[in-house]
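Structure record follows, encoded as structure tokens.
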Amino acid sequence: MCCDLKRRFLLLYATQKGQAKAIAEEICLQAAARGLEADMHCISEMDKYNLETEKDPVVIVISTTGTGDPPDTARKFVKKIQDKTLPPDHFAHLQYGLLGLGDSEYTFFCNGGKTVDRRLQELGAQHFYDTGLADDCVGLELVVDPWIDGLWLALKEVFLLQKDKEVMSNAVSAAPHVGHEISSEIQNLKLEDEGVMSSDVPLQKLVDTSVVASAGDTEPSLVHSVPPLSQSALNIPALPPEFIEVQFQDTHGENPHLSSLISEGTTFKVPVTKASQLTREDAIKTALLLELDITGTAFDYQPGDAFCVVCPNNASEVEELLHILGLSERGEHFVCVKIKQDTKKKGATRLQHIPERSTLKFILTWCLEIRAIPKKAFLRSLVDCTSNAGEKRRLQELCSRQGASDYTRFIREPNVCLLDLLHAFPSCKPSLNLLIEHLPKLQARSYSVSSSNLYQPGKLCFVFNVVEFPACPTRAVSRKGVCTGWLAELVTPLLHPSINSLDTKGGSPPTEKISIFARPNNTFHLPSDPSVPFVMVGPGTGIAPFIGFLQHRQKLREEHTDWDFGETWLFFGCRHQDRDYLFKQVHYELRCFLENGTLTHLQVCFSRDSSTGEAAPTKYVQDLIRLYAKEIARVLLKENGYFYVCGDKKHMADGVSDAVVDILSMEMEVDKLEAMKTVAMLREVKRYLQDVWS
């Protein structure tokens, strides 16, 4: 192949939690194995690339955050390309391929990628490769892996076209025999690339299956496979190059402040002043209401906003991990984390979420998501840390293309984490630097505000269910959610003061503080015009933001008696009226809102109870709203009202959306397609609003 042939492409990634960056790094790794140069940059580093003058193909990997926004790292880029003064041929020279990451549990699936893709097209850019949209709901790898596989052939065709154009541009001045020579070079390129393409990723030889699965293993599990997988040759990912170096130091010094770990905004350390359990002890889920004192801070919020809680990993799990790694005695030692000088990883940079100097226990407690579901690249690295042949083979299977369904079934779906793997594969002894390289940043957890600063000045309330992960074949012990389990333990003295009375000698329980930062919601707010009616649908803890709405509305009614206020509807549902009817017993808050006129209509349903006098003869809120079809159609179509939905996306919000479509179809006397267009219009003008989670 001729040495001057262009083999470079620009690789941009825009990430919120590290997924897009990890995929870009995998593309970069595979590109190097194929003799290609991937010039990789975060899309925010606009001083390091220039799309206006870029002549080589561009590959973009971009995630989606919030309710459909591009990630924070892409905001400046998106703002720049959305400049209305740019001409329609601004990027006419640009050839690109885009891989979008998203979650179909949310309404605006892959909207970050779609936004960039659509705008680049409007500005004249051309696809050299079809856009891929990967769904985290079912597994990103189902789209990501084949998309990357097809990328190389698409790039090869671009490079060949580039070479052909060079041939044509030089044809006039070239001697007659030159064309034949260049043609031969192109043919050589084709042959060489075909050889590279066929190699794909390293093909592993079949190991002795007798150490993988005995004759009695008729069903696959996390640690066992069955034919045909157990007898298959495997395509496994290339081994990611190590790039982190960890140096142990002494035990003297101080750990960094938690605020230094947060790049999303200003953190505030505030006390937890109250805690209430909103559910009965025999309820299936435990819901807690916490009150924070934000007096004297600059923290501000509106009803409908969210905020983030900075939380640690479970202390006992950190100790367990240190024990397995053989580092129990060195947990309080300070470590210095640096980039390896001889690393083969292209563009390796210091991990921003890891302090330059802190104790090992601090890193494992506050910086790394030790509960994260291991990615295939991590599994591939663990293979080389495993001594037992059977365990090594099984890890190879789980990260291989042939073992994709086993990965989903035994790793992804049961939320297997690193500790589970280390227990299941005891001969696996990873190094500390490997864990720091592969475990993602410990993310702060987001919660909806359940109060009004106008109604309760200086107070911020929120509601959550304590998440439970029961023991299962792939997880030997039950666990609670990282943040909800920590919060529940933290406020135990507030929930059960009598248990703590001996420790405090009859005094009040100690005041615990937590670190928070704001995460404003730009749309999920009350109508700016108080005379506009609105409907709220919030089963379970989905009721949380609506308590803030109603508190705010009540205060406005008290302060502005001459204002006109629109009617308010709340549809609430839970399992049992006497076990998990949230806010029924806390100062009878819902009943008070109803009696003083703040809440005009309250409709409730209970999915596990037989019909009662208070509840409607339906089990779920999506069925309940159908009983009030005329009223909902009137609010939305005649009175320009708002419709809010908060709660579970898959099992509730989609059903509510379908119900609204049916209601509008019936009341407008149009077919379902027209009704769907009307709902889409309501979403577009921000009158149908959702705050949902998966």
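Pick out the one residue from Ala238, Ala275 that is closer than 30 Å to Gln30 by Cβ and among the small types (Gly, Ala, Ser). Please lay out each step first, then the result.
Values: Ala275 fails: closer than 30 Å to Gln30 by Cβ.
Only one candidate passes the filter, namely Ala238.
Which residues, taken from segment 455-476, are open to solvent by 60 Å² or more (accessible area, probe 1.4 Å) and more than 25 Å from the chain's Cα centre (by Cα)?
Listed by number, the residues that qualify are Tyr455, Pro457, Pro473, Ala476.
For segment 127-137, name all the residues that are of a type outside the set (S, T, N, Q) and either under 23 Å from Asn50 (Cβ atoms) or open to solvent by less than 10 Å² (accessible area, probe 1.4 Å) (or both).
Applying the first criterion (of a type outside the set (S, T, N, Q)) to segment 127-137 yields 127-130, 132-137.
Result: His127, Phe128, Tyr129, Gly132, Ala134.
Quick check on my filter: what residues within segment 517-576 are basic (Lys, Arg) and either within 13 Å of Tyr644 (Cβ to Cβ) or modelled with pLDDT of 95 or more (or both)? Working first, answer last.
Narrowing segment 517-576 to residues basic (Lys, Arg): 519, 553, 555, 557, 575.
Hits for segment 517-576 are Arg553, Lys555, Arg557.
One line per residue, one yes/no per condition, for (1) of a type outside the set (S, T, N, Q); (2) buried (at least 18 other Cβ atoms within 10 Å of the Cβ); (3) modelled with pLDDT of 90 or more:
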residue: Ser63; (1), (2), (3): no, yes, yes
residue: Lys79; (1), (2), (3): yes, no, yes
residue: Phe91; (1), (2), (3): yes, yes, yes
residue: Gly100; (1), (2), (3): yes, yes, yes
residue: Gly112; (1), (2), (3): yes, yes, yes
residue: Ala125; (1), (2), (3): yes, yes, yes
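Does segment 622-635 contain at least one residue that is in contact with a Cys (Cβ under 9 Å, 6 or more places away or on another chain) and either closer than 16 Å to Phe572 by Cα or modelled with pLDDT of 90 or more (or both)? Lay out the reasoning, then the answer.
Initially, segment 622-635 is screened for residues in contact with a Cys (Cβ under 9 Å, 6 or more places away or on another chain), giving 623-624.
Next, only the ones that are either closer than 16 Å to Phe572 by Cα or modelled with pLDDT of 90 or more (or both) stay: 623-624.
Yes.
With in contact (Cβ under 8 Å) with a residue 24 or more places away in the chain and either loosely packed, with under 14 Cβ neighbours inside 10 Å or assigned to a loop (DSSP other than H, G, I, E, B) (or both) as the only criterion, which of Leu292, Leu222, Leu288 stands out? Break it down into steps so the answer makes sense when it comes.
Values: Leu292 fails: either loosely packed, with under 14 Cβ neighbours inside 10 Å or assigned to a loop (DSSP other than H, G, I, E, B) (or both); Leu288 fails: either loosely packed, with under 14 Cβ neighbours inside 10 Å or assigned to a loop (DSSP other than H, G, I, E, B) (or both).
On inspection, the qualifying residue turns out to be Leu222.
Scanning for something open to solvent by less than 10 Å² (accessible area, probe 1.4 Å) and either under 21 Å from Ser694 (Cα atoms) or of a type in the set (A, V, I, L, M, F, W, C) (or both), does segment 114-122 turn up at least one residue?
Let us first name the residues in segment 114-122 that are open to solvent by less than 10 Å² (accessible area, probe 1.4 Å), namely 116, 120.
Now drop any that are not either under 21 Å from Ser694 (Cα atoms) or of a type in the set (A, V, I, L, M, F, W, C) (or both), which leaves 116, 120.
Within segment 114-122 (the criterion being open to solvent by less than 10 Å² (accessible area, probe 1.4 Å) and either under 21 Å from Ser694 (Cα atoms) or of a type in the set (A, V, I, L, M, F, W, C) (or both)), the answer is yes, since at least one residue qualifies.
Hey, among His560, His552, His576, which residue is open to solvent by 10 Å² or more (accessible area, probe 1.4 Å) and within 30 Å of Met681 (Cβ to Cβ)?
Numbers: His560 fails: within 30 Å of Met681 (Cβ to Cβ); His576 fails: within 30 Å of Met681 (Cβ to Cβ).
Matching residue, one of His560, His552, His576: His552.
Please verify whether Met652 is closer than 23 Å to Thr107 by Cα, among the hydrophobic types (A, V, I, L, M, F, W, C), in contact (Cβ under 8 Å) with a residue 24 or more places away in the chain and in a helix (DSSP H, G or I), treating the condition exactly as stated. I'd like the intermediate steps shown before the answer.
Details: closer than 23 Å to Thr107 by Cα: yes; among the hydrophobic types (A, V, I, L, M, F, W, C): yes; in contact (Cβ under 8 Å) with a residue 24 or more places away in the chain: yes; in a helix (DSSP H, G or I): yes.
Yes, satisfied.
List the residue pairs whose Cβ atoms are under 9 Å apart, where the first residue sits in segment 326-345 and is at positive phi, the second is not aromatic (Phe, Trp, Tyr), and the two are 6 or more positions apart or on different chains.
Matching pairs, first to second residue: Gly326/Lys429.
Condition check ((1) buried (at least 19 other Cβ atoms within 10 Å of the Cβ); (2) touching a helix residue (DSSP H, G or I) at 6+ places or on another chain (Cβ under 8 Å)) across all residues:
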| position | (1), (2) |
| --- | --- |
| Asp623 | no, yes |
| Lys630 | no, yes |
| Val645 | yes, yes |
| Ala653 | yes, no |
| Glu669 | no, no |
| Lys672 | no, yes |
| Met681 | no, no |
| Tyr688 | yes, yes |
| Val692 | yes, yes |
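Looking for whichever is within 21 Å of Leu487 (Cα to Cα), open to solvent by 20 Å² or more (accessible area, probe 1.4 Å), free of Cβ contacts under 8 Å to residues at least 60 places away in the same chain and over 28 Å from the mean Cα position of the chain (by Cα) here; the options are Glu281, Glu254. Which one fits?
Values: Glu254 fails: within 21 Å of Leu487 (Cα to Cα).
Only one candidate qualifies: Glu281.
Cβ-Cβ under 6 Å, sequence separation 6+ or interchain: first residue in segment 230-245 and under 16 Å from Leu432 (Cβ atoms) and part of a strand (DSSP E or B), partner modelled with pLDDT of 90 or more and among the hydroxyl-bearing types (Ser, Thr, Tyr). Which pairs?
none
The values are calculated or read from the model by the stated rules, or taken from the named source; none is laboratory data. Because the structure is a prediction, the values reported are computed rather than measured. Backbone-built Cβ (ideal geometry, glycine too); neighbour counts: all protein chains shown. Just the protein is used for accessible areas: all its heavy atoms, side chains included, with ligands, DNA and RNA removed. Shrake-Rupley method; radii C 1.70, N 1.55, O 1.52, S 1.80 Å.
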